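Below is one structure, written out as structure tokens, with a few remarks after it.
Rule-based calculations on the coordinates, nothing more; no lab input. Here the structure is a predicted model, which is why all the values come from computation and not from measurement. Here the Cβ positions follow ideal geometry from the backbone for every residue, glycine too, while neighbour counts run over all protein chains shown.
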Amino acid sequence: MNPVLKLLLEGEPLDTAQIGKILNMGQAAVESQLAELRQQGILLGWRAVLNPSFEAERRVRAVIEIKIRTEGTGGFDVIAERISQFEQVESCYLMSGGYDLLVVVTADNLYKVAGFVHERLARIEGVQGTSTHFFLRAYKKDGFVITDEASRRDRPSVSP
Amino acid sequence: MDDSGRFVAHHVASLPKSGIRDFFAIVSKMKDAVSLGIGEPDFVTPFHIREAAMAALEKGRTSYTDNRGTLQLREEISRYVAQNYGPEYNPEDEILVTVGVSEGLDALLRATLNPGDKVLYHEPCYVSYAPSVKLCHAIPVPVRTTSQDQFALDPAALRAAWQPGCKVLVLNFPTNPTGGTADRKKLEEIAKFAIEKDLLVASDEIYSELTFEGNHVSIASLPGMRERTVFLHGFSKAFAMTGFRIGYACGPAAVIDGMLKVHQYGIMCASIISQEAAVEALRNGRDSMLHMRDKYRERRDFIVRRFNELGLKCHLPRGAFYAFPDITSTGLDSLTFASKLLEAQKVAMVPGTAFGEAGAGFCRASFSTSYERIHEACERISRFLDSLPQRK
């Protein structure tokens, strides 16, 4: 794997100067590699990973399972791409199994999610049914375990 | 006033305190210090191993075990050692499960040394070797290793250090704090010497899985050595299980029997919970171990390169997770360098002299930490070096 990408995926908060030092390649080279990864559509962008309990005081998050009728509607891609345009939609996946699309949405409150479902989603041609589930509590997010942050605090800072 | 010191035995009172403790006391009170002083894995024990310990508790497996350790664990150890190191040990009477290698080495020394016996070991070395020997009323005989040899033990130096009365030779490859390793050729010469002088070899191979260059060779696997070697190993480093306090000794039955006496009266047995976790580590821990080893290697390459760029000459450690840069170009001795660095830039490194006289002129930097911390530590060290007037 591209060493720059490998380092990014490890999740340490490093800037391009630091990455350059670590990989012994200079900041400019790191930046041009990142530009290339973006150009290739491999690296989509950066987001900070926040503790969901901090976010939860401000936003609610839900997953919505959506059943789709494809006849006469242009197929999954057309519908999924349309749904993905809404800014409330954080991610959108085509799934195997009992429903077709899995959509993660965030909104200020429960009513806004409800509004999104019945005013927006339900009106899209081809959407046959939805099932909405709200997130209650997070235990692990994007590889970060949230519950055991204090687990290593007893480790001595100097040991033989 | 506490005058209870008069009860402490002379040979205990005369032992120096570990040089590491003083640093720990300062660093632990310091805010935003960056510590390169940590002698244990940065990783939490892989979850499947922790889960095995939880399962042991759940099932109520909370009793004593056989003094030697559970037969199940000894069988796994026998298989693992044969597969990865060569020699085959009988789980019935040639394997003893210990509370880490520290207890294993202590039991071995106490089981074999008579007062006045001498013990050869290479220096710089782990902090417990000389004190453990002295606690047996025996005499430590250090053999200096040097950065020119990448801190591998030079058989000629060993021969020169030998004196009448030497009974045991302690080896530790890869070495804490230098990352030194010994290749087959060197080990063969050492083995020949051990046979010639009829030495019992205590081989502490706790870092053996963390060998980055070439293959680790155990001296116990060389011809004529199995019958005079006690192979000491454990789970702390390879499987990030320091807090489980679990290790083992493999060797000829009569020596293991002697160790068993020390162990059974002093310790009884290792914790059954740790023993259950150890079984899981040996059965299914290889992938996580290899993953951690790769991370250590990457961090090693970075820190060693940075030290050399900063003008602190540093050999490439071939194993373990410590860099051991030469700090003599600063004009400071190890302790002064480490103290001033801590005071001025809040970076903790352990002075080489904590690992014996031969460590003078060096400091130990653990790279068992994140890239971010290593990077930050090196930036601070760079600023510190710039501030030194005597810097050449």
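A few points about this structure:
- Measuring against 29 Å, Cα to Cα, the residue pairs B:LYS313/B:LYS346; A:LYS140/B:LYS29; A:LYS21/B:LYS237; A:LYS6/B:LYS59 contain A:LYS140/B:LYS29; A:LYS6/B:LYS59 as the ones spanning a longer distance.
- Entry note: segment A:7-160 has Rg to Rh equal to 1.09, where both radii use alpha-carbon atoms and Rh is the Kirkwood radius.
- Candidates B:SER334, B:SER218, B:SER382: whichever shows maximal mean-square fluctuation once chain B is modelled as a Gaussian network with Cα springs under 10 Å: B:SER382
- Principal-axis tilt of helix B:47-58 within chain B, Cα atoms, nearest 10 degrees: 50 degrees
- Pairs of alpha carbons in the protein assembly as shown whose separation is greater than 43 Å (percent): 32 percent
- DSSP-assigned coil residues among chymotrypsin sites (Phe, Trp or Tyr not before Pro) in segment A:1-82, each with at most 11 further Cβ atoms within 10 Å: A:TRP46
- Longest exposed-site-free window of chain A, the sites being GluC sites (Glu not before Pro) in a DSSP loop that have at most 16 other C-beta atoms within 10 Å: A:1-56
- The C-alpha atoms of chain B define a longest principal axis, and helix B:184-196 lies at about 60 degrees to it.
- Loop chymotrypsin sites (Phe, Trp or Tyr not before Pro), segment B:202-300 (other Cβ atoms within 10 Å of the site Cβ: 15 or fewer; DSSP): none
- Segment B:189-323 shape via C-alpha gyration tensor axes, a/c threshold 1.5: oblate
- Candidates B:ALA161, B:ALA13, B:ALA191: whichever shows maximal mean-square fluctuation once chain B is modelled as a Gaussian network with Cα springs under 10 Å: B:ALA13
- Residues A:HIS133, B:HIS315, B:HIS48 arranged by fewest to most Cβ contacts within 10 Å: A:HIS133, B:HIS48, B:HIS315
- Rounded Å value of the spacing that divides the Cα centres of segment A:1-63 and segment B:201-265: 42 Å
- Tail fraction, Cα-Cα pairs, chain B, threshold 27 Å, whole percent: 50 percent
- For segment A:36-102, the mean projected area of the C-alpha convex hull, equal to one quarter of the hull surface, is 6.6 nm².
- Angle between chain B longest axis and helix B:334-345 axis [Cα atoms, degrees, rounded to 10]: 60 degrees
- Of B:ALA254, B:ALA358, B:ALA25, the one that fluctuates the most in a GNM where chain B has Cα springs shorter than 10 Å: B:ALA25
- All Cα-Cα separations within segment B:95-233 were binned at 5 Å from zero, giving a P(r) of 2, 11, 22, 26, 23, 13, 3, 0, each value a whole percent of the pairs.
- Value of [θ]222 nm, deg cm²/dmol, for chain A, DSSP H segments ≥ 4, -39500 (n - 2.57) each, nearest 500: -8500 deg cm²/dmol
- Excluding exposed DSSP-loop GluC sites (Glu not before Pro) (at most 16 other C-beta within 10 Å), longest clean stretch of chain B: B:214-392
- Cα-only radius of gyration and Dmax that characterise segment B:319-392, units Å: 11.8, 34
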